[in-house]
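Engineer: The structure follows.
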């Protein structure tokens, strides 16, 4: 928030953010080095209204906000109150099981929030993006072209 306040209004061409989901996430796998470690600042969403307003102020038009299924409604509500229109909710199918037990998630949600019009170059895009999550152990550099599914390699 402190850094975002320093940006001029409508100075950010594209926002892509993965904020805390407000789900009090804690690693549960007993063999994990993070067993019983809680993710910092993930226990509530009191910051969300002010953050959404500040995000609206600095964004030129488009913001992609990662969130989880249990708080997607609250994110949508606060982004809309700030002035954004919700263009779509994308599903990132990671093809990789996430943390948890029983039904472990293999997807995350991405809210596509806009201020004005937004049109992709292709009108035949699915809102389900299947891109395998990279293991942090194998990630030594950025993927060569993570946007290849959007036709010409540009962002959607």
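The values are calculated or read from the model by the stated rules, or taken from the named source; none is laboratory data. Quick caveat: nothing in here was measured; it's all calculated off a predicted structure. Don't worry about glycine lacking a Cβ; one is built from the backbone with ideal geometry, like all the others, and counts go over all protein chains shown.
So that you can scan it fast, the table gives a plain yes or no per residue for (1) without any contact (Cβ under 8 Å) to a residue 12 or more places away in the chain; (2) under 14 Å from the mean Cα position of the chain (by Cα):
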| residue | (1), (2) |
| --- | --- |
| 52 | no, yes |
| 56 | no, no |
| 62 | no, yes |
| 68 | no, yes |
| 72 | no, yes |
| 76 | no, yes |
| 84 | no, no |
| 91 | no, yes |
| 97 | yes, no |
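Engineer: Can you tell me how many residues within region 56-80 are closer than 23 Å to residue 6 by Cβ and in contact with a helix residue (DSSP H, G or I) (Cβ under 7 Å, 6 or more places away or on another chain)?
Structural biologist: So the count comes out to 6.
Engineer: How many of the residues in region 92-125 are at pLDDT below 95, farther than 17 Å from residue 23 by Cβ and in a strand (DSSP E or B)?
Structural biologist: Number satisfying all stated conditions: 1.
Engineer: I'm told residue 81 meets every condition in (1) outside any strand (DSSP E or B); (2) under 20 Å from residue 13 (Cα atoms) except one. Can you identify the failing condition by its number?
Structural biologist: Result: residue 81 fails condition (2) only.
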